[in-house]
Amino acid sequence: MERHEFLELKTELLINGIKSTPEALKGLGSKYKEQNHGLFGWDFEDHANIALPDDFALPDDTIVQFRRNSRSNYLIDLVNDQLILSNGKENLCQVKWLPRPAFYNKKTTSNKEMVKIGQIGGEDCLFFCYQNFCSHFSKNEQCLFCNLVSTSQTYDSVLKKKATQDIGEVAKAAFSESNVKHVLLTGGCFKHQKEVELVTDIVRTISEHAGLNRVPGTILPSPAKNLDEIEKYYDSGINAIGFSMEIWDEMLYRAICPGKSKSFSHDEFVNSIRNAVEVFGEGNVYGVFVMGLEPRETFLDGVRVLTSLGANVVPFVWSPNPGSKLEGHRAPTSKWYLETIMEAAQIVIEAKIPSGTENHCFKCDGNSLLHDALRLKGIE
Ligand code: SF4
């Protein structure tokens, strides 16, 4: 297969989901990394009693999130001791599950299982959700694509609140493993000042425990109210910051994110990103989007505006996952995703934004296509 075909294949796999035979799942949870639902569930179907892979690698090292869909034609089977991906008609390529981190078997000094505190996304990104709670659900104003509460109820696989000290210990254990390169920190919505204090405290603790002068990776807090808050985040020692805008088009943002848009306007996000570029520097700030819920034109407008401010973007491929209000809906076609992401990649390249791959790279997560599209254009 040619390199561009792997991007096409990843797109197909993300929007159609995949299934696997029981033989293919041998070694999962011991040798290979299983899903632990640190925040959202991305599968098309829940699988409370079945361990499934978090993600897998295609032959060109492209990382693909495993999104279970028993109706999908895509299948991974074990054939002659190799994992083979087929489309129901023919074999496509060999794939690899990702190794299970050693710290998944360890406990903190407070006797907490480390895997319930931090998880590895993709191959190299240590993920912490500092609080699995979002106030918008209680008013039925959650973002239409979000399944935070149902994921937590279905799997109950992580601690909802994590002690900062425990996070530090997990970071130390994880960074001692050779493949771990970045952190990603996020949480639900809660009282603003508390979030600034909590996040800066966590970053300092990670940096002390892992022996890092500055922490390579990204925090995704709520929009900052002013430059002072952004400086506090920077001074804590994290290298990059991002803000989850979700949807660029303002009217759609209000419709799709009813609670969040009451707390933070489109303009507050843009101002936070502008201010953050001043403090963190070009390329070290991200606008995070859910891709597939707004027209190509408005999504690309967002990419254009944010890159003109010196920011990068991370667009996650929307999954109509169980427990969200959009469960059972369908994503746009793979052609739509491919054409849109290639155009987005071109906009990023023309804006000459530093790639920021020392903080977030194509190995970090299997649910975004932009890094892969940029790789095709020579940016790793
Ligand atoms: S703000 Fe939206 S996406 Fe984030 S946790 Fe709350 S409902 Fe989910």
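Brief remarks on what is shown
- Within the range 61-74, the set of residues being open to solvent by less than 30 Å² (accessible area, probe 1.4 Å) and of a type outside the set (Ser, Thr, Tyr) comprises Ile63, Val64, Gln65, Phe66, Arg67, Asn69.
- Where Ser135 falls short, out of the listed (1) more than 9 Å from the ligand (Cβ to nearest atom); (2) of a type in the set (S, T, N, Q); (3) open to solvent by 20 Å² or more (accessible area, probe 1.4 Å): (1)
- Some residue of the range 220-235 being in contact with a strand residue (DSSP E or B) (Cβ under 8 Å, 6 or more places away or on another chain), of a type in the set (Val, Ile, Thr) and assigned to a strand (DSSP E or B): no
- Conditions (1) more than 16 Å from the ligand (Cβ to nearest atom); (2) open to solvent by 60 Å² or more (accessible area, probe 1.4 Å); (3) at pLDDT 95 or above; (4) in the same structural domain as Gly259 (by TED's automatic domain parsing); number of the one not met by Asn91: (4)
- Filter pass, Asp77 being open to solvent by 60 Å² or more (accessible area, probe 1.4 Å) and more than 16 Å from the ligand (Cβ to nearest atom): no
- Test: Leu148 is away from the ligand (no atom under 16 Å from the Cβ), modelled with pLDDT under 95, in the same structural domain as Cys364 (by TED's automatic domain parsing) and of a type outside the set (D, E, K, R): no
- Any hit, the range 324-344, residues being assigned to a loop (DSSP other than H, G, I, E, B) and in contact with an Asp or Glu (Cβ under 8 Å, 6 or more places away or on another chain): no
Conditions (1) of a type in the set (Gly, Ala, Ser); (2) within 16 Å of the ligand (Cβ to nearest atom); (3) part of a loop (DSSP other than H, G, I, E, B), marked per residue:
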| position | (1), (2), (3) |
| --- | --- |
| Phe40 | no, yes, yes |
| Phe56 | no, no, no |
| Val64 | no, no, no |
| Phe103 | no, no, no |
| Glu123 | no, no, yes |
| Glu141 | no, yes, yes |
| Gln153 | no, yes, no |
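The values are calculated or read from the model by the stated rules, or taken from the named source; none is laboratory data. Everything quoted here is computed from the prediction, not taken from an experiment. Cβ coordinates were reconstructed from backbone atoms using ideal geometry, including for glycine residues, and neighbour counts include every protein chain displayed. The protein model used for the area step is the full one, side chains on, heavy atoms only, and it has no ligands, DNA or RNA in it. Shrake-Rupley method; radii C 1.70, N 1.55, O 1.52, S 1.80 Å.
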